[in-house]
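Notes for the one structure printed next.
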Amino acid sequence: MALRPQRRGTPFDRVVLESVGLIRRIGAARLRDRGDLDDFTQAVVLRVYANRDSVRDEERLANWIGVVA
């Protein structure tokens, strides 16, 4: 099930939603068990939100999310 960015929410929220595919691709490359992919994705999204105050350049937010993943 693909998540689609919604028009509501902050710009940060929209970038996070747009980055779910990137997060899943990173997880798929790292994980042996594809059954863990949803858990990996959720954990990364939680880390992104928990550390959102450390984002220095919002223009590079998608790259930062990839690093967090």
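The values are calculated or read from the model by the stated rules, or taken from the named source; none is laboratory data. Given the structure is predicted, the values throughout are model-derived calculations rather than measurements. Note: accessible area is taken over every heavy atom of the protein model, side chains too, but ligands, DNA and RNA are not part of it. Shrake-Rupley method; radii C 1.70, N 1.55, O 1.52, S 1.80 Å.
So which residue, out of Asp13, Asp39, Asp57, gets the largest mean-square fluctuation from a GNM of the chain using Cα contacts under 10 Å as springs? Answer for the Gaussian network model of the chain: Asp57.
The fraction of accessible area contributed by carbon and sulfur in the chain is 48 percent, rounded to a whole number (1.4 Å probe; ligands and nucleic acids excluded).
Hydrodynamic analysis of the chain uses the Kirkwood radius over alpha carbon pairs. Inserted into Stokes-Einstein at 37 °C and 0.692 mPa s, it gives a translational diffusion coefficient of 265 µm²/s.
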